[in-house]
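The values are calculated or read from the model by the stated rules, or taken from the named source; none is laboratory data. On a predicted model such as this, the values are computed, not experimentally measured, just so you know. Cβ atoms come from the backbone with ideal geometry, glycine included; neighbour counts cover every protein chain shown.
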Amino acid sequence: MFCVRCGKEKETFDGLCIDCFLNGKRLISLPAHIDMERCANCEEFRISGQWVKKDAKDAIEDIALSQLSVIDGLRIISAGAFSSAQDERNFFVSVDADGELCGRIVKAEAETVVRIKNGVCQRCSRQLGNYYEATLQIRSGKKELDDEIRDDTVRYVRERIENMSSVNRQIFLTKVEEVPGGVDMLLSSISLGKALAKELSDAYGAETKESSKLIGKNDDGSDMYRMTYLVRMPEYHLNDVVMFEDKAYKLSSITKDNAKLTELGNFRVTSIRRSQMPSLKVHTRNEELMKATVVSRSKGEIQILHPRNYSTVDVTVPEDADIGDIADVADVDDVLFYVP
């Protein structure tokens, strides 16, 4: 084939040899200006229709690369963007690219200005507008919810939502409200409320209930509901001394299906079903266990000073127990027991 410009007999591209075709040809191009939204609340950037959390420089260069256009037949091998600030909202960006065209490696460049515009992402718009689909209610079997349990629960929910929101931006915690008897947490989605209620039930052996309220219609005409998930924390907690069938145990573990109890005195482990757990009665909370000074040790036994009257008392311990100078003990019917 002959080049229509230089007349040389070569492989042609649109009637031109590769040299004539490349002469003065713009191989890549960018718009004169690229507007990029930044959420004024969370400071995430909108790139290619998605809100992403990035360093500003990376976001500016990424959006420029995403807007790059190339001529037909050019295969980009690599491309890099380089930005410099004109002011706090406008950034000059140049893009250098290596490509392959008709078997030849070519270099190309393009320039643009990225302009940052403030906006609000959908998640922040909903969050700032107190949007929620579910309420997670944390209550206690007693009149008031323990401060420690309340704080632990709220911390757990916050951490779980932070982890889940890293892969699903529509997940967020709208509000935490202390109410008489417990705490309410307003959540962005029904599925989030259901999942958290189950997780808390499994972790604490709590009872759960759910209820719904019709609040309107969706765009497709279907009913729109808000869900309430009640998580009622039991009076007992992990490591408490509890009574079960007139015997004293340490509550050693709780799972979604059962609990393990370590009997005080002989340290035998008993497993009970979830349905039996409501019959557990708290005798001594873990934080209320007495601290006793250890006077002497022998295999399977220690001698301690009674925390109240300082008399010496022999108590049974597991044979493999590694006990220091202080031991946790519980008084059950005027008898001291070592609590492992």
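Some observations on this one:
- Residue within region 289-305 that is touching a residue at least 60 places away in the same chain (Cβ under 8 Å) and either among the hydroxyl-bearing types (Ser, Thr, Tyr) or in contact with a strand residue (DSSP E or B) (Cβ under 6 Å, 6 or more places away or on another chain) (or both) present: no
- For region 57-87, the candidate set comprises residues that are free of Cβ contacts under 8 Å to residues at least 12 places away in the same chain and farther than 30 Å from Cys102 by Cβ; within that set, the residue that is surrounded by the most Cβ atoms within 10 Å (Cβ to Cβ) is Asp58.
- Filtered residues of region 124-146 (kept if out of contact with any helix residue (DSSP H, G or I) (no Cβ under 8 Å at 6 or more places or on another chain) and assigned to a strand (DSSP E or B)): Gln137, Arg139
- Any hit, region 184-194, residues being over 21 Å from Tyr132 (Cα atoms), crowded, with 17+ Cβ neighbours inside 10 Å and of a type in the set (S, T, N, Q): no
- Looking at Asp314, Asp320, Asp333, Asp325, just one residue is outside the structural domain of Glu207 (by TED's automatic domain parsing) and in contact with a Ser or Thr (Cβ under 7 Å, 6 or more places away or on another chain), and that residue is Asp325.
- Looking only at residues of region 147-180 that are assigned to a loop (DSSP other than H, G, I, E, B) and free of Cβ contacts under 8 Å to residues at least 24 places away in the same chain, we find that the one that is farthest from Arg38 (Cα to Cα) is Pro180.
- Filter pass, Asp320 being of a type in the set (Asp, Glu), out of contact with any Asp or Glu (no Cβ under 6 Å at 6 or more places or on another chain) and in a strand (DSSP E or B): no
- Checklist (1) surrounded by fewer than 14 Cβ atoms within 10 Å (Cβ to Cβ); (2) more than 21 Å from Asp147 (Cα to Cα) applied to Lys281, failing item: (2)
- Residues located in region 90-100, provided they are over 38 Å from the mean Cα position of the chain (by Cα) and touching a residue at least 60 places away in the same chain (Cβ under 8 Å): Ala97, Gly99
- Qualifying residues in region 181-218 (those that are among the acidic types (Asp, Glu) and part of a strand (DSSP E or B)) - the one nearest to Thr153 (Cα to Cα): Asp184
Residues are listed down the side, and each one gets a yes or a no for (1) among the basic types (Lys, Arg); (2) under 32 Å from the mean Cα position of the chain (by Cα); (3) over 30 Å from Ser165 (Cα atoms):
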position: Glu88; (1), (2), (3): no, no, no
position: Cys102; (1), (2), (3): no, no, yes
position: Ala108; (1), (2), (3): no, no, yes
position: Thr112; (1), (2), (3): no, no, yes
position: Gln122; (1), (2), (3): no, yes, no
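- Test: residue in region 58-75 that is in contact with a helix residue (DSSP H, G or I) (Cβ under 6 Å, 6 or more places away or on another chain) and not in a loop (DSSP other than H, G, I, E, B): no
- Among the residues of region 124-159, those identified as of a type in the set (Asp, Glu) and under 20 Å from the mean Cα position of the chain (by Cα) are Glu133, Asp151, Asp152, Glu159.
- Among the residues of region 252-265, none qualifies, meaning not one is assigned to a strand (DSSP E or B), exposed (fewer than 13 other Cβ atoms within 10 Å of the Cβ) and not assigned by TED's automatic domain parsing to the domain that holds Ser191.
- Scan of region 77-123 for residues that are at pLDDT below 90, in a strand (DSSP E or B) and of a type outside the set (D, E, K, R), ordered by number: Gly99, Leu101, Ile105, Val106, Ala108
This table checks each residue for (1) over 40 Å from the mean Cα position of the chain (by Cα); (2) at pLDDT below 90; (3) β-branched (Val, Ile, Thr); (4) over 20 Å from Leu200 (Cβ atoms).
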site: Tyr249; (1), (2), (3), (4): no, no, no, yes
site: Val269; (1), (2), (3), (4): no, no, yes, yes
site: Val294; (1), (2), (3), (4): yes, no, yes, yes
site: Pro318; (1), (2), (3), (4): no, no, no, yes
